[in-house]
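Note sheet for the following structure.
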Amino acid sequence: MKRIKNFRLTNPGRRACVVALAISLAAAVQAGAEQFTATMVNPEGRPSTLPVVIHIDRYSTEAEVQKLSGILDRKGPDSLRDALWDLEKGYIRVGNGLGYPIAVVLAKPAGAGRDIRIMMDRQISFRELANGARSLDYPFSYIDLKVGRDGKGEGQMFAAARISMTAGTVDVENYNALPLKLLGVRATR
């Protein structure tokens, strides 16, 4: 049997190894992922619907939640919004748009399934900034899903929400009169 003393990867060989490693790492990260699809319905004004994909890579830890609650309690919502920039637990995609990062995902057992609560900072348009719109006081988005053991359920989304803390309880206030409805929620993985 012949021994190979010096083994060198050529540039194409290195690239192939790097690509294979990246694909295997991505697959390992996605292995525990969950994905939900739904139809978003706007109940105000002229009704409209859009498909929604919520992809969860991992859930927030209790330590992360306590840290964020402390930031909200001590420093307020502006500091909380800054802290959310460092977190990414998955993404939400509405319609054919790009995915927007989800910062916090909590799941609690409930009745015949579980409640999943999602929070993220929201995209603020140039128009809102230029006009100093009242909606700037609502810099978060909040989603509440009720999912049964069969992976089916419904939910609601506060596209523009104000988050505050009162006596240790997080309060969520919607900018609009009614939240957006998430109908036909289904777990797809």
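Descriptive notes on the structure:
- Region 65-96, subset touching a Leu at 6+ places or on another chain (Cβ under 8 Å) and farther than 26 Å from Leu180 by Cβ, residue surrounded by the fewest Cβ atoms within 10 Å (Cβ to Cβ): Ser79
- Scanning region 118-140 for residues that are in contact (Cβ under 8 Å) with a residue 40 or more places away in the chain and within 20 Å of His55 (Cβ to Cβ) yields Ile118, Met119, Asp121, Phe140.
- Residues in region 86-119 that are out of contact with any Lys or Arg (no Cβ under 7 Å at 6 or more places or on another chain) and closer than 12 Å to Leu68 by Cβ: Asp86, Leu87, Met119.
- Every residue from region 148-189 that is farther than 28 Å from Pro77 by Cβ and outside any loop (DSSP other than H, G, I, E, B): Gly148, Lys152, Gly153, Leu183, Gly184, Arg186, Ala187
- Count - residues of region 131-173 that are among the polar types (S, T, N, Q) and modelled with pLDDT of 85 or more: 2
- Scanning region 39-60 for residues that are of a type in the set (A, V, I, L, M, F, W, C) and either more than 12 Å from Gly95 (Cβ to Cβ) or assigned to a loop (DSSP other than H, G, I, E, B) (or both) turns up Val41, Ile54, Ile56.
- Unmet requirement for Asp144, which otherwise passes all of (1) closer than 26 Å to Thr49 by Cα; (2) assigned to a loop (DSSP other than H, G, I, E, B): (2)
- The one condition from (1) in contact (Cβ under 8 Å) with a residue 40 or more places away in the chain; (2) over 27 Å from Lys67 (Cα atoms); (3) under 17 Å from the mean Cα position of the chain (by Cα) that Gly153 does not meet is (3).
- Considering residues of region 134-160 that are in contact with a Gly (Cβ under 8 Å, 6 or more places away or on another chain) and of a type in the set (A, V, I, L, M) only, the residue surrounded by the most Cβ atoms within 10 Å (Cβ to Cβ): Ile143
- Among the candidates Ile71, Ile143, residue that is β-branched (Val, Ile, Thr) and free of Cβ contacts under 8 Å to residues at least 24 places away in the same chain: Ile71
- Per-region count, region 105-133, residues within 18 Å of Trp85 (Cβ to Cβ) and in contact with a Gly (Cβ under 9 Å, 6 or more places away or on another chain): 2
- Applying the criterion of at least 3 residues that are touching a Pro at 6+ places or on another chain (Cβ under 6 Å) to the strands (runs of 3 or more DSSP E) found wholly in region 65-122 leaves an empty list.
The values are calculated or read from the model by the stated rules, or taken from the named source; none is laboratory data. For clarity, every value in this text was computed on a predicted model and none was experimentally measured. Please note: Cβ atoms are built from the backbone with ideal geometry, for glycine as well, and neighbour counts cover all protein chains shown.
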